[in-house]
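Undergrad: Got a structure here, written out as structure tokens. Questions coming.
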Amino acid sequence: GFLTCCCAECGEVPRTSAMAMSEKEQLRLSWMTQFNKAQQHDSWGQVVEAQEDYQSMAAQIAAKQGLPTITSKEKDILHRLALCLGARAQALRTMHENITVTDMKCLVPIFEALFTGAEPEIFPVDASKYQFAASMVKPSTEGEIICADAEDESSTDWHQRQAVLRTVRGTVVCFRIEKIGLKDAQEYIDPFMTVLVADARANILDSRDTNFASERRATHVMFNQQVYLNVSLEDMERSGAAIFFEFKHYKPKKKKISTRCWAFMELTELKRDEEIVLEIYHKPTDLKKKKLNLHSEKPLYLHLFATFISN
């Protein structure tokens, strides 16, 4: 199923275009400024202001950890930063100092090194001081804290991540499904992808659906959506699993959802933080991977990126 990848070894760096780099740099500078202000309020004993600053930053960082350009390591750091900020806001609210102003000072080098590739290997604040804070962080849109409906909330990247971290022990795999190449891409109604994990005997271990595609171009259906698998990398390896991707759409005449085509990858093809490009096959999906007929003679593929989270 696997075709090619772009990585540092072949001289190409995936998905960090000049624009993406500058967006990350802007975030880093903005967060450093905001964090310095929050810290000042905190050390001067301006409790209400510090609390609001920390809460607002936690919301922004939680919202940004799902950005397409964020690597596995950056995701982990952003996750920890958001939890620390949420935990400190909570500590100021309740006057129960499980995470202190001194702990927050230790985060300065993290903000300074963020997105530069020079982030410290060891996070400076002990996890026991912030692990409990996930429920206190609500991702924002553009830095504004909004009260989302419970339904919308559960579909944010932050909430999907929290849910999977509660249930999966080991390495969590997250796919960002970027796009699928189809010569009739604009014809499909409500297209979405189903990601399946199946073991060597074709038993399904996990199944996840994306939301509907965000955009349809001439020869590509664009998704740009993240899916967290509910089975760890280690469990997949133990059961000899493979990962399948089904492209589905709604057929109004038959009033049903139909699988149009599919792709799959072996775990040996699963590369973290690199573009993964898969061939697309004619339906029906064959979990035994024997009946493989190319869906199109044109050079059209499924494009994804994988990030890993150690839990």
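Undergrad: Counting just the residues of segment 266-307 that are of a type in the set (Asp, Glu) and at negative phi, which one comes out surrounded by the fewest Cβ atoms within 10 Å (Cβ to Cβ)? First the steps, then the outcome.
TA: Taking segment 266-307 first, the residues of a type in the set (Asp, Glu) are 266, 269, 273-275, 279, 286, 297.
Still in the running and at negative phi: 266, 269, 274-275, 279, 286, 297.
Working: Glu266: 13, Glu269: 17, Glu274: 21, Glu275: 17, Glu279: 18, Asp286: 16, Glu297: 7.
So, considering only residues that are of a type in the set (Asp, Glu) and at negative phi, the one surrounded by the fewest Cβ atoms within 10 Å (Cβ to Cβ) is Glu297.
Undergrad: For segment 42-66, give me the residue count where each residue is buried (at least 20 other Cβ atoms within 10 Å of the Cβ) and free of Cβ contacts under 8 Å to residues at least 24 places away in the same chain.
TA: Residues that pass the stated criteria total 1.
Undergrad: Scanning for something hydroxyl-bearing (Ser, Thr, Tyr), in contact with a helix residue (DSSP H, G or I) (Cβ under 9 Å, 6 or more places away or on another chain) and over 16 Å from Ala59 (Cα atoms), does segment 96-103 turn up at least one residue?
TA: The first filter runs over segment 96-103 and keeps only residues hydroxyl-bearing (Ser, Thr, Tyr), leaving 100, 102.
Filter again for in contact with a helix residue (DSSP H, G or I) (Cβ under 9 Å, 6 or more places away or on another chain), leaving 100.
Checking the rest, the ones that are also over 16 Å from Ala59 (Cα atoms) come to 100.
Yes, there is a match, as at least one residue in segment 96-103 is hydroxyl-bearing (Ser, Thr, Tyr), in contact with a helix residue (DSSP H, G or I) (Cβ under 9 Å, 6 or more places away or on another chain) and over 16 Å from Ala59 (Cα atoms).
Undergrad: Hey, another quick one. So which residues in segment 239-257 are farther than 14 Å from Asp206 by Cβ and either part of a helix (DSSP H, G or I) or open to solvent by 10 Å² or more (accessible area, probe 1.4 Å) (or both), if there are any at all? Steps first, please.
TA: Initial filter on segment 239-257 (farther than 14 Å from Asp206 by Cβ): 240, 247-257.
Listed by number, the residues that qualify are Gly240, Lys248, His249, Tyr250, Lys251, Pro252, Lys253, Lys254, Lys255, Lys256, Ile257.
Undergrad: Out of segment 193-221, which residues are open to solvent by 20 Å² or more (accessible area, probe 1.4 Å) and not in a loop (DSSP other than H, G, I, E, B)?
TA: Ile204, Leu205, Ser207, Arg208, Asp209, Glu215, Arg216, His220
Undergrad: Does Pro120 fit the bill of being open to solvent by 40 Å² or more (accessible area, probe 1.4 Å), part of a loop (DSSP other than H, G, I, E, B) and modelled with pLDDT of 95 or more? I'd like the intermediate steps shown before the answer.
TA: Working: open to solvent by 40 Å² or more (accessible area, probe 1.4 Å): yes; part of a loop (DSSP other than H, G, I, E, B): yes; modelled with pLDDT of 95 or more: no.
Taking the combined requirement at face value, the residue does not satisfy it.
Undergrad: Name the residues in segment 104-117 that are of a type outside the set (Val, Ile, Thr) and either open to solvent by less than 20 Å² (accessible area, probe 1.4 Å) or closer than 16 Å to Gln55 by Cα (or both), would you?
TA: Residues of segment 104-117 of a type outside the set (Val, Ile, Thr): 104-107, 109, 111-115, 117.
Met104, Leu107, Phe111, Ala113, Leu114 - these are the residues of segment 104-117 that are of a type outside the set (Val, Ile, Thr) and either open to solvent by less than 20 Å² (accessible area, probe 1.4 Å) or closer than 16 Å to Gln55 by Cα (or both).
Undergrad: Which of the following residues is touching a Phe, Trp or Tyr at 6+ places or on another chain (Cβ under 8 Å), at pLDDT 95 or above and aliphatic (A, V, I, L, M): Leu287, Leu292?
TA: So the residue among Leu287, Leu292 that is touching a Phe, Trp or Tyr at 6+ places or on another chain (Cβ under 8 Å), at pLDDT 95 or above and aliphatic (A, V, I, L, M) is Leu287.
Undergrad: Here's a follow-up. Mind counting the residues in segment 67-95 that are open to solvent by 20 Å² or more (accessible area, probe 1.4 Å) and not in a helix (DSSP H, G or I)?
TA: 4
Undergrad: Would you check if Ala263 is open to solvent by 20 Å² or more (accessible area, probe 1.4 Å), among the aliphatic types (A, V, I, L, M) and either in a strand (DSSP E or B) or over 14 Å from Met193 (Cα atoms) (or both)? Walk me through how you get there before you give the answer.
TA: Details: open to solvent by 20 Å² or more (accessible area, probe 1.4 Å): no; among the aliphatic types (A, V, I, L, M): yes; either in a strand (DSSP E or B) or over 14 Å from Met193 (Cα atoms) (or both): yes.
Taking the combined requirement at face value, the residue does not satisfy it.
Undergrad: Can you confirm whether Asp190 is charged (D, E, K, R) and within 23 Å of Arg272 (Cα to Cα)?
TA: So Asp190 fails the test.
Undergrad: Out of the residues in segment 1-57 that are closer than 26 Å to Leu300 by Cβ and assigned to a helix (DSSP H, G or I), which is modelled with the highest pLDDT? Quick ask: steps written out before the conclusion?
TA: Step one: list which residues in segment 1-57 are closer than 26 Å to Leu300 by Cβ, which gives 1-7, 9-17, 19-20.
Still in the running and assigned to a helix (DSSP H, G or I): 9-10, 19-20.
Working: Glu9: 38, Cys10: 41, Met19: 51, Ala20: 54.
Taking the candidates together, the pick is Ala20.
The values are calculated or read from the model by the stated rules, or taken from the named source; none is laboratory data. Small disclaimer: the values here were computed from a predicted structure and weren't measured. A quick note on method: Cβ atoms are made from the backbone with ideal geometry, for glycine too, and the neighbour counts reach across all protein chains shown. These area figures cover heavy atoms from the full protein model, side chains too; ligands, DNA and RNA do not enter into them. Shrake-Rupley method; radii C 1.70, N 1.55, O 1.52, S 1.80 Å.
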